[in-house]
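Below is one structure, written out as C-alpha coordinates; comments come after it.
The values are calculated or read from the model by the stated rules, or taken from the named source; none is laboratory data. As the structure is a prediction and not an experimental result, all values here were calculated from the model.
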Amino acid sequence: MPKEGIVMHKKGRCPKCGESVKHTKIENVPVHEGARVRGHGVVYLCPYCDTVLGAGLDPGVLVSEIIKEIKKNNSVHLRL
Ligand SMILES: [Zn+2]
(Lines give C-alpha, C1' and ligand atoms only; values in the text may rest on other atoms or scores of the structure.)
Protein backbone atom coordinates (compact mmCIF):
# COMPACT_ATOMS: atom_id res chain seq x y z
CA MET A 1 0.00 0.00 0.00
CA PRO A 2 1.45 3.37 -0.95
CA LYS A 3 1.53 5.81 1.95
CA GLU A 4 1.01 8.86 -0.21
CA GLY A 5 -2.43 9.40 1.31
CA ILE A 6 -0.95 9.88 4.77
CA VAL A 7 0.48 13.38 4.68
CA MET A 8 0.98 15.19 7.97
CA HIS A 9 1.72 18.61 6.48
CA LYS A 10 -0.13 19.68 3.39
CA LYS A 11 1.88 21.78 1.00
CA GLY A 12 -0.55 24.59 0.32
CA ARG A 13 1.01 27.56 -1.38
CA CYS A 14 0.17 31.22 -1.14
CA PRO A 15 -1.50 32.29 -4.40
CA LYS A 16 0.43 35.57 -4.41
CA CYS A 17 4.02 34.92 -3.29
CA GLY A 18 4.05 31.15 -3.94
CA GLU A 19 5.57 30.32 -0.55
CA SER A 20 4.58 27.04 1.10
CA VAL A 21 2.20 28.05 3.91
CA LYS A 22 3.01 25.98 7.02
CA HIS A 23 1.15 28.33 9.36
CA THR A 24 -1.06 31.36 9.00
CA LYS A 25 -1.31 34.69 10.74
CA ILE A 26 -4.66 35.66 12.17
CA GLU A 27 -6.20 39.12 12.34
CA ASN A 28 -9.43 40.07 14.10
CA VAL A 29 -11.98 41.95 12.03
CA PRO A 30 -15.57 42.98 12.77
CA VAL A 31 -18.22 41.23 10.68
CA HIS A 32 -20.67 43.64 9.10
CA GLU A 33 -24.08 42.98 7.64
CA GLY A 34 -24.89 46.07 5.67
CA ALA A 35 -23.90 48.96 7.95
CA ARG A 36 -24.42 47.02 11.20
CA VAL A 37 -21.72 45.10 13.06
CA ARG A 38 -22.89 41.50 13.46
CA GLY A 39 -19.99 39.88 15.30
CA HIS A 40 -16.33 39.02 15.48
CA GLY A 41 -14.50 37.55 12.54
CA VAL A 42 -10.96 36.68 11.62
CA VAL A 43 -8.93 36.68 8.45
CA TYR A 44 -6.13 34.19 7.86
CA LEU A 45 -3.05 35.78 6.31
CA CYS A 46 0.01 34.46 4.51
CA PRO A 47 2.88 34.79 7.04
CA TYR A 48 5.22 36.02 4.29
CA CYS A 49 3.25 38.63 2.32
CA ASP A 50 0.02 39.19 4.36
CA THR A 51 -2.25 38.07 1.51
CA VAL A 52 -5.67 37.04 2.82
CA LEU A 53 -5.94 33.26 2.48
CA GLY A 54 -9.35 32.90 4.09
CA ALA A 55 -11.86 34.36 6.50
CA GLY A 56 -14.33 33.11 9.07
CA LEU A 57 -15.85 33.67 12.46
CA ASP A 58 -13.52 34.15 15.43
CA PRO A 59 -13.20 30.63 16.92
CA GLY A 60 -12.52 31.97 20.43
CA VAL A 61 -15.62 34.15 20.45
CA LEU A 62 -17.65 31.33 18.90
CA VAL A 63 -16.67 28.94 21.74
CA SER A 64 -17.50 31.48 24.45
CA GLU A 65 -20.86 32.22 22.78
CA ILE A 66 -21.66 28.48 22.69
CA ILE A 67 -20.72 28.09 26.38
CA LYS A 68 -22.90 31.10 27.22
CA GLU A 69 -25.86 29.54 25.37
CA ILE A 70 -25.34 26.15 27.08
CA LYS A 71 -25.23 27.82 30.51
CA LYS A 72 -28.36 29.80 29.65
CA ASN A 73 -30.19 26.66 28.47
CA ASN A 74 -29.06 24.68 31.55
CA SER A 75 -30.41 27.33 33.90
CA VAL A 76 -33.71 27.21 32.02
CA HIS A 77 -33.89 23.41 32.40
CA LEU A 78 -33.06 23.60 36.11
CA ARG A 79 -36.06 25.83 36.72
CA LEU A 80 -38.49 23.35 35.09
ZN1 LIG B 1 2.28 34.96 0.48
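In this entry, residue 3 passes the filter for residues that are assigned to a loop (DSSP other than H, G, I, E, B), more than 19 Å from the chain's Cα centre (by Cα) and at pLDDT below 90. Considering region 31-61, the residues that are assigned to a loop (DSSP other than H, G, I, E, B) and not aliphatic (A, V, I, L, M) include one that is nearest to the chain's Cα centre (by Cα), namely 58.
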